[in-house]
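Asker: What follows is a structure written as structure tokens; I'll ask about it next.
The values are calculated or read from the model by the stated rules, or taken from the named source; none is laboratory data. If you're wondering where the values come from, they're calculated on a predicted model, not measured in any experiment. A quick note on method: Cβ atoms are made from the backbone with ideal geometry, for glycine too, and the neighbour counts reach across all protein chains shown. For accessibility, only protein heavy atoms count, side chains too; no ligands or nucleic acids. Shrake-Rupley method; radii C 1.70, N 1.55, O 1.52, S 1.80 Å.
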Amino acid sequence: FQGPFEICRVTGFVGIDAVVFGAANLAEARKLFADFGLTKKQDTKSRLVFATEIGSEIVVRHSSAKDLPPPINPHSQFREVIWGVKTAKDVARIAADLARDRAVTSDRDGTIHSIDDSGIRFGVRVWRHRNEPRRAAALPLNAPGARHRVDAPSPMYERAKPFRIGHIVFAVPD
């Protein structure tokens, strides 16, 4: 059995590089991701790009864009998740493995694209963003049954500033 940590070690997985969405109304998408605290990197009539603190991206294209992959179902605007790996050699190894039983395409920038058995579109490319810096010890937090911060205020922030995309969740039939 290869658990998730073994798979990450073998493939050179670093993290989620980007998530691509469609949107019928780019103004609403612009407001949603700005309100969520992401940094706007690009804003055109047909494409929005927002980034986390380390640079992982949310890409939003108009849902009618001809080169945008189709949604995974009629009720979703998710189009693709792009995973980051350490090296071009990792990308090539993954592409060769995938090509044994499915179509794999490649962009000029070296990103490969495919579709998993559940119909989820994904890409793999060399990680383009900053790595997470080592942080000082976290401030103690209180939780039910665990009171670590006593008589000390919780830190206050004016707004959220997502640091990275930590995970993505899909509901699949099997």
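Asker: Can you list the residues, at least 5 places off or on another chain, whose amide H is less than 5 Å from the amide H of ARG164, using H built in the peptide plane?
Answerer: Those qualifying (amide H under 5 Å, at least 5 residues apart or on another chain) are GLU53.
Asker: Rg (Å, one decimal) plus Dmax (Å, integer) for the alpha carbons of the chain?
Answerer: Rg, Dmax (Cα atoms, Å): 18.7, 60.
Asker: Using r as the Cβ-Cβ distance of SER118 and ALA143, and R0 as 45 Å, what FRET efficiency do you calculate, to the nearest 0.05?
Answerer: 0.85
Asker: Next question. Short version: ³J(HN,Hα) in whole Hz for each residue of the stretch 109-123, in order, from phi by Karplus 6.51 cos²θ - 1.76 cosθ + 1.60 (θ = phi - 60°), x for Gly and Pro, what are they?
Answerer: 7, x, 6, 9, 9, 7, 10, 7, 5, 8, x, 7, 7, 8, x
Asker: Another one. Can you find, among PHE33, ALA51, ALA92, the residue sitting farthest towards the positive end of the charge dipole of the stretch 21-96, where Lys and Arg contribute +1 and Asp and Glu -1 at Cβ?
Answerer: ALA92
Asker: At 7 Å along the Cα-to-beta-carbon direction for both HIS75 and HIS167, put a label point, then send me their distance in nm to one decimal.
Answerer: Reported label-point gap for HIS75 and HIS167 is 2.2 nm.
Asker: Starting from the amide H of VAL126, placed 1.01 Å from N in the peptide plane, find each other amide H under 5 Å away whose residue is 5 or more places distant or on another chain.
Answerer: VAL85
Asker: If you don't mind, there's one more thing I want to ask. Using the Kirkwood radius over Cα pairs, work out the Stokes-Einstein diffusion coefficient for the stretch 9-60 at 10 °C and 1.306 mPa s, in µm²/s as a whole number.
Answerer: In µm²/s, the coefficient is 135.
Asker: May I ask you to rank LYS89, LYS41 by accessible area, largest first, using a 1.4 Å probe over the protein chains only?
Answerer: Numbers: LYS89 155, LYS41 120 Å².
In descending accessible area the options line up as LYS89, LYS41.
Asker: What's the center-to-center distance, using Cα atoms, between the stretch 39-60 and the stretch 65-98 in Å?
Answerer: 17
Asker: Can you work out the FRET efficiency for the pair SER106 and TYR157, with r the C-beta to C-beta distance and R0 = 35 Å, to the nearest 0.05?
Answerer: 0.30
Asker: A further question follows. Give the long-range amide H neighbours of GLY15: residues separated by 5 or more places, or on another chain, with amide H under 5 Å away, using H modelled in the peptide plane at 1.01 Å from N.
Answerer: GLY84
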